[in-house]
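S.K.: Before anything else, here's the structure in question.
The values are calculated or read from the model by the stated rules, or taken from the named source; none is laboratory data. This one's a predicted model, so the numbers in the text were calculated from it and none came from an experiment. For neighbour counting, all protein chains shown are included, and Cβ atoms are generated from backbone atoms with ideal geometry for every residue, glycine included.
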Amino acid sequence: MRSHWLESAAFFVCAALSGCAASEPSAGGPQPSPRASAPQPAPAGDRPAALLNGRPITYDALRPALLESAGGLALRDAALDMLLDAELARRGQTITDDDVAAEGRYLAESMLREAEIGMADADRVLASLRRSRGLGEHRYAALLTRTAMLRRLVAGSVTVSDEEVAEAHRINHGPRSRVRLITTGLAADAAEIRARVLADPALARVRFIEAAANESTDPSAARGGLLAPISHADPEYPVAFREALAALAPGEVSSVLALDRGFALVLCEEVWPADGTTPEEDAPRARAAIRLRKERLAMEREAQRLLDAAELTILDRSLEWSHTALRASSPK
């Protein structure tokens, strides 16, 4: 099961996919105090958390509802924090405030690069994302700390090969195509659609879009089969699909392609040639992007390894309910 705090922070760790050439977290430095700047939790008990028309609403009154609504996630965060602290101590490793600050920079740089937005917009988008995921000042600071601890634990296990850098260059700067896609469960259905589309070459594109919208089983059907630009070298796509892309000129329709799950037709809308960036120019950025992506995956595995190996006994009934509900809703 994937660690739920990683789901809630998916927008944050996606910085690993951005290719931003951020500086590496420091390996040494003074003894850490990463949580020093985080706000302290509010006191529990019968002290008022709020006043309603001058009458107190106490923490005790709020506690069962708070535990049921978000206790499971808070428990998972707290448990992982403890496990990470212990694992760092066991390995004789530490993190510093600079390491935590670096995690915030990874996020900001990724938003600027990936979304192609300015700093003012990045701040606005980040604020919106934090609100939607309940990441207030305390949880956001804790998230950055948690991520810094995980990055420290996995840093030595991640390597980037020259072959990976070369492949990244081909994907990011080589030829790309914008295409429309139709998928079907049967080869005969795809062949029939192709024959119908090509019956009148002047109407082939319009008929392809209509068939994609009405008959394709791919989620892109709602967009008339339109996909985002695809690199001819991207291994995320099947070889037969990529070979078809490389061979198609704008306006051409592929033959019926056999995929792992069904069959496909592709209409080429536009082809972009390589952009001229040399491998040498791209190598530093590509290497940093690959390292961040591989670190993110390693961080997810390390978090789940620690959680799976831990024994957790829950003593509060409301918290137990929230924890069970969280586990049931988490992706397997």
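Conditions (1) touching a Lys or Arg at 6+ places or on another chain (Cβ under 6 Å); (2) assigned to a helix (DSSP H, G or I); (3) farther than 30 Å from residue 299 by Cα; (4) at pLDDT 95 or above, marked per residue:
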| position | (1), (2), (3), (4) |
| --- | --- |
| 39 | no, no, no, no |
| 43 | no, no, yes, no |
| 64 | no, yes, yes, no |
| 70 | no, yes, no, no |
| 82 | no, yes, no, yes |
| 87 | no, yes, no, yes |
| 102 | no, yes, no, no |
| 109 | no, yes, no, no |
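S.K.: Hey, another quick one. Residue check: is residue 158 modelled with pLDDT under 95, touching an Asp or Glu at 6+ places or on another chain (Cβ under 7 Å) and surrounded by fewer than 18 Cβ atoms within 10 Å (Cβ to Cβ)?
M.R.: Considered against the rule, which asks whether it is modelled with pLDDT under 95, touching an Asp or Glu at 6+ places or on another chain (Cβ under 7 Å) and surrounded by fewer than 18 Cβ atoms within 10 Å (Cβ to Cβ), residue 158 comes out as yes.
S.K.: Then there's this: Being surrounded by 14 or more Cβ atoms within 10 Å (Cβ to Cβ), within 30 Å of residue 211 (Cα to Cα) and at pLDDT 95 or above narrows it down to one of 265, 306, so name that one.
M.R.: It is 265.
S.K.: Another question about this same structure. Quick check on this structure: which one of 274, 303 is closer than 26 Å to residue 66 by Cβ and within 28 Å of the chain's Cα centre (by Cα)?
M.R.: None of the other options fit; the residue is 303.
S.K.: If you don't mind, another one. Quick check: anything in the stretch 227-247 of a type in the set (Asp, Glu), under 28 Å from residue 106 (Cα atoms) and assigned by TED's automatic domain parsing to the domain that holds residue 198?
M.R.: First pass over the stretch 227-247, keeping only residues of a type in the set (Asp, Glu): 234, 236, 243.
From the residues that got through so far, the ones that are under 28 Å from residue 106 (Cα atoms) too are 234, 236.
Next, from what is left, pick out any that are assigned by TED's automatic domain parsing to the domain that holds residue 198: 234, 236.
Looking through the stretch 227-247, at least one residue is of a type in the set (Asp, Glu), under 28 Å from residue 106 (Cα atoms) and assigned by TED's automatic domain parsing to the domain that holds residue 198.
S.K.: Now, a different point. Looking at residue 291, is it under 20 Å from the mean Cα position of the chain (by Cα) and at pLDDT 90 or above?
M.R.: yes
S.K.: To continue, here is another question. Which of the residues that make up the stretch 230-244 are part of a loop (DSSP other than H, G, I, E, B) and loosely packed, with under 14 Cβ neighbours inside 10 Å?
M.R.: Correct list: 235, 236.
S.K.: When you go through 166, 190 one by one, which is the residue that is buried (at least 18 other Cβ atoms within 10 Å of the Cβ), touching a residue at least 12 places away in the same chain (Cβ under 8 Å) and assigned to a helix (DSSP H, G or I)?
M.R.: Matching residue, one of 166, 190: 190.
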